[in-house]
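Student: Just dropping this structure here.
The values are calculated or read from the model by the stated rules, or taken from the named source; none is laboratory data. Here the structure is a predicted model, which is why all the values come from computation and not from measurement. Cβ: placed from backbone, ideal geometry, glycine included. Neighbour counts: every protein chain shown. Only protein heavy atoms, including side chains, enter the accessible area calculation; ligands, DNA and RNA are left aside. Shrake-Rupley method; radii C 1.70, N 1.55, O 1.52, S 1.80 Å.
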Amino acid sequence: MAKKNNELTGVNYEVLFAGRSNVGKSSIIRNITGKNVKVGKRPGVTLKPTHIQNDDMVITDLPGFGFMSGVKDRKQDIVKDQIVRYIEQNADRISIAVLVIDGATFLDIVRRWENRNEIPIDIELFELFRELGIDTILAVNKTDKIKDSELNATLDGICDKLNMLPPWKQWIDVVAPVCAKKGDLKALKSLIRQRLHSAKRDDLFRYF
C-alpha cells in the first residue's frame with residue numbers, strides 16, 4: 001500500500017525510482033512489483049514521493065521532473081528542489097537508485113540542453129547518485145520506439161552522455177534496456193535482484 005513519507009517506520013532498505021515526467025517510471029514500478037502507484041497520461045501527475053513498504057524495504061517513486069502539464073514554472077522548480085533534498089537526506093538509506101529515461105528521446109533532450117550550455121536534470125541526478133555513493137541502475141525505457149538497427153548506437157550515445165565509455169554492453173551491470181508498455185522488464189528485474197543478492201537480501205526477491 002502507498003504511504004506518505006512520515007508514515008515510514010522500520011525501513012532499512014530503499015529502492016528509489018527517479019526520472020522525467022512521462023518516461024513510464026510509475027508504470028515500471030507497477031509492472032515489476034504488482035503494486036498500483038499513481039499513473040496518469042498527463043505528465044507531472046505525481047508531485048510528492050509515493051512509497052510502497054514491504055517489511056523493512058520501501059520502494060519510492062519520486063515526482064517526475066521536467067515538463068508538468070498545468071504546473072507553473074515556480075512549482076516545477078520547487079519539485080526539483082524537493083527531489084534533490086529527498087535524495088540527499090535519505091542517501092544513507094537508499095540502497096538502489098533506478099534512473100528511468102526515455103531511450104527514444106533522451107539524446108535529443110540532451111542536445112537541446114547542451115545548445116543552451118546547460119546540463120539536463122537527468123544527467124545531474126545520475127551524477128548526484130554516484131557522488132553520494134548510491135548504487136545506480138539506468139533503466140532505458142520505450143525501446144520499442146527505437147529501430148532495432150539503431151538500438152546499440154543509441155545506447156552507446158546515452159552511455160557517452162553519462163560519462164560511461166561506450167560500447168554500452170560493458171555497462172550491462174548498470175544499463176537495463178526495457179519496454180514497460182510490452183512488459184519487457186527482464187533486464188531491470190535481473191539487475192535489482194543481483195544487488196539484493198549481493199546485499200544478502202534474497203528475502204526481498206518476492207517483491208520483485
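Student: Every residue in the stretch 152-175 that is among the hydrophobic types (A, V, I, L, M, F, W, C) and either in a helix (DSSP H, G or I) or open to solvent by 70 Å² or more (accessible area, probe 1.4 Å) (or both), please. Give the steps one after another, and end with the answer.
Tutor: Step one: of the stretch 152-175, the residues among the hydrophobic types (A, V, I, L, M, F, W, C) are 153, 155, 158-159, 162, 164-165, 168, 171-172, 174-175.
Answer for the stretch 152-175, where residues must be among the hydrophobic types (A, V, I, L, M, F, W, C) and either in a helix (DSSP H, G or I) or open to solvent by 70 Å² or more (accessible area, probe 1.4 Å) (or both): Ala153, Leu155, Ile158, Cys159, Leu165, Trp168, Trp171, Ile172.
Student: Could you list, in sequence order, the residues of the stretch 174-202 that are out of contact with any helix residue (DSSP H, G or I) (no Cβ under 7 Å at 6 or more places or on another chain) and not aliphatic (A, V, I, L, M)? I'd like the intermediate steps shown before the answer.
Tutor: Step one: list which residues in the stretch 174-202 are out of contact with any helix residue (DSSP H, G or I) (no Cβ under 7 Å at 6 or more places or on another chain), which gives 174, 184, 186-187, 190-192, 194-195, 197-201.
Of everything in the stretch 174-202, those that are out of contact with any helix residue (DSSP H, G or I) (no Cβ under 7 Å at 6 or more places or on another chain) and not aliphatic (A, V, I, L, M) turn out to be Asp184, Lys186, Ser190, Gln194, Arg195, His197, Ser198, Lys200, Arg201.
Student: Condition first: within 16 Å of Gly24 (Cβ to Cβ) and either open to solvent by less than 10 Å² (accessible area, probe 1.4 Å) or not acidic (Asp, Glu) (or both). Can you find one or more residues in the stretch 191-205 that meet it? Walk me through how you get there before you give the answer.
Tutor: Within the stretch 191-205, the subset within 16 Å of Gly24 (Cβ to Cβ) is none.
Within the stretch 191-205, none of the residues are within 16 Å of Gly24 (Cβ to Cβ) and either open to solvent by less than 10 Å² (accessible area, probe 1.4 Å) or not acidic (Asp, Glu) (or both).
Table: residues versus (1) more than 20 Å from Val175 (Cβ to Cβ); (2) touching a Lys or Arg at 6+ places or on another chain (Cβ under 8 Å); (3) without any contact (Cβ under 8 Å) to a residue 40 or more places away in the chain; (4) not hydroxyl-bearing (Ser, Thr, Tyr).
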{"site": "Asp77", "(1), (2), (3), (4)": "yes, no, yes, yes"}
{"site": "Ile87", "(1), (2), (3), (4)": "yes, no, no, yes"}
{"site": "Gly103", "(1), (2), (3), (4)": "no, yes, no, yes"}
{"site": "Val110", "(1), (2), (3), (4)": "no, yes, no, yes"}
{"site": "Asn115", "(1), (2), (3), (4)": "yes, no, yes, yes"}
{"site": "Ile123", "(1), (2), (3), (4)": "no, yes, yes, yes"}
{"site": "Phe126", "(1), (2), (3), (4)": "no, no, yes, yes"}
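Student: Looking only at the stretch 114-151, count how many residues are open to solvent by less than 80 Å² (accessible area, probe 1.4 Å), closer than 19 Å to Ser21 by Cβ and part of a loop (DSSP other than H, G, I, E, B).
Tutor: 2
Student: Of all residues being polar (S, T, N, Q) and loosely packed, with under 15 Cβ neighbours inside 10 Å in the stretch 1-22, which is modelled with the highest pLDDT? Just the residue, please. Quick ask: steps written out before the conclusion?
Tutor: Initial filter on the stretch 1-22 (polar (S, T, N, Q)): 5-6, 9, 12, 21-22.
The next check asks that each one be loosely packed, with under 15 Cβ neighbours inside 10 Å; those that pass are 5-6, 9, 12.
Values: Asn5: 44, Asn6: 45, Thr9: 82, Asn12: 91.
Step by step, filter the stretch 1-22, then rank; the result is Asn12.
Student: Mind telling me which of the residues Leu138, Leu196, Leu151, Leu155 ends up being within 13 Å of the chain's Cα centre (by Cα) and in contact (Cβ under 8 Å) with a residue 12 or more places away in the chain?
Tutor: On the way: Leu196 fails: within 13 Å of the chain's Cα centre (by Cα); Leu151 fails: within 13 Å of the chain's Cα centre (by Cα); Leu155 fails: within 13 Å of the chain's Cα centre (by Cα).
The conditions single out Leu138.
Student: Would you tally the residues in the stretch 176-208 being at pLDDT 95 or above, assigned to a helix (DSSP H, G or I) and either of a type in the set (A, V, I, L, M) or in contact with a Gly (Cβ under 8 Å, 6 or more places away or on another chain) (or both)?
Tutor: 7
Student: Follow-up question, since we're still on this one. For the stretch 176-190, name all the residues that are touching a residue at least 60 places away in the same chain (Cβ under 8 Å) and surrounded by 14 or more Cβ atoms within 10 Å (Cβ to Cβ). Give the derivation first.
Tutor: First, the residues of the stretch 176-190 that are touching a residue at least 60 places away in the same chain (Cβ under 8 Å): 177-178, 180-181, 183, 185, 188-189.
Hits for the stretch 176-190 are Pro177, Val178, Ala180, Lys181, Leu185, Leu188, Lys189.
Student: (1) modelled with pLDDT of 95 or more; (2) under 16 Å from the mean Cα position of the chain (by Cα): which one isn't true of Met57, the others all being true?
Tutor: (2)
Student: I'd like the residue in the stretch 23-45 that is crowded, with 20+ Cβ neighbours inside 10 Å and either of a type in the set (S, T, N, Q) or more than 14 Å from Ala180 (Cβ to Cβ) (or both) and, out of all such residues, is modelled with the highest pLDDT.
Tutor: So, considering only residues that are crowded, with 20+ Cβ neighbours inside 10 Å and either of a type in the set (S, T, N, Q) or more than 14 Å from Ala180 (Cβ to Cβ) (or both), the one modelled with the highest pLDDT is Ser26.
Student: Looking only at the stretch 87-113, count every residue that is surrounded by 19 or more Cβ atoms within 10 Å (Cβ to Cβ) and among the charged types (D, E, K, R) and tell me the total.
Tutor: Qualifying residue count, the stretch 87-113: 1.
Student: For the stretch 60-86, what are the residues that are at pLDDT 85 or above, among the aliphatic types (A, V, I, L, M) and open to solvent by 20 Å² or more (accessible area, probe 1.4 Å)?
Tutor: Within the stretch 60-86, Val84 is the sole residue that qualifies.
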